[in-house]
Amino acid sequence: MGIDPGTNETGIGIIENDDILFWGVKTWKRSCSRSCEDILIRARREINKLIEQYDPQVLILESDSVLRKRGSETLNALIKEIKSLARKQRIRISQFKPKDIKLCICDNERSSKMKVARELASRYPELNRYLIPGKGWNRSREKYWQKMFCALSLCLTHWDQEKSKHDQN
């Protein structure tokens, strides 16, 4: 289960072997009045549902150092909550740096997020509908669906790393 946490939207992807089981974006914050605690409660409930439904063996995030640089107190609390949920369920936690994800997906650690998204959509045609045709994405839709593409790229990076370990043995 790959998760790209955010205080407004969180991207989630679940892959088993090389098949996508779930992809989407969960929205936590619909108004300025939603408190940090409200976001954590909602995130806990939604992520627990997915854990119960899909029984993931590993939870994958971007590395802590990258997330903390972006982070607000609410984002840091959300990341801590997600990790706590994983530990309580005895789910292993794995983390990757963005450059390692881009290298795995696009063979180039300097690839743009759009290039990563296009590469994922070329591998999984069902994701094409989340790419807006024409010259670039509408900025708000781009940010929204980018969370999902990031979560899936985390899953595939982990899957690729696990395959490499297995092939070496």
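Against the criterion of being surrounded by 12 or more Cβ atoms within 10 Å (Cβ to Cβ), out of contact with any helix residue (DSSP H, G or I) (no Cβ under 9 Å at 6 or more places or on another chain) and modelled with pLDDT of 90 or more, C155 qualifies. Please specify each residue of the stretch 1-24 satisfying the condition of being assigned to a loop (DSSP other than H, G, I, E, B) and of a type in the set (A, V, I, L, M). M1, the sole residue that qualifies.
Cβ separations smaller than 8 Å between residues 6+ apart or across chains give the following pairs from the stretch 75-103 residues that are outside any helix (DSSP H, G or I) to residues that are of a type in the set (G, A, S) and surrounded by 17 or more Cβ atoms within 10 Å (Cβ to Cβ): R92/A86; I93/A86.
The values are calculated or read from the model by the stated rules, or taken from the named source; none is laboratory data. Quick caveat, the model's predicted, so the values are computed rather than measured. All Cβ positions, even for glycine, are placed from backbone atoms using ideal geometry, and neighbour counts span all protein chains on display.
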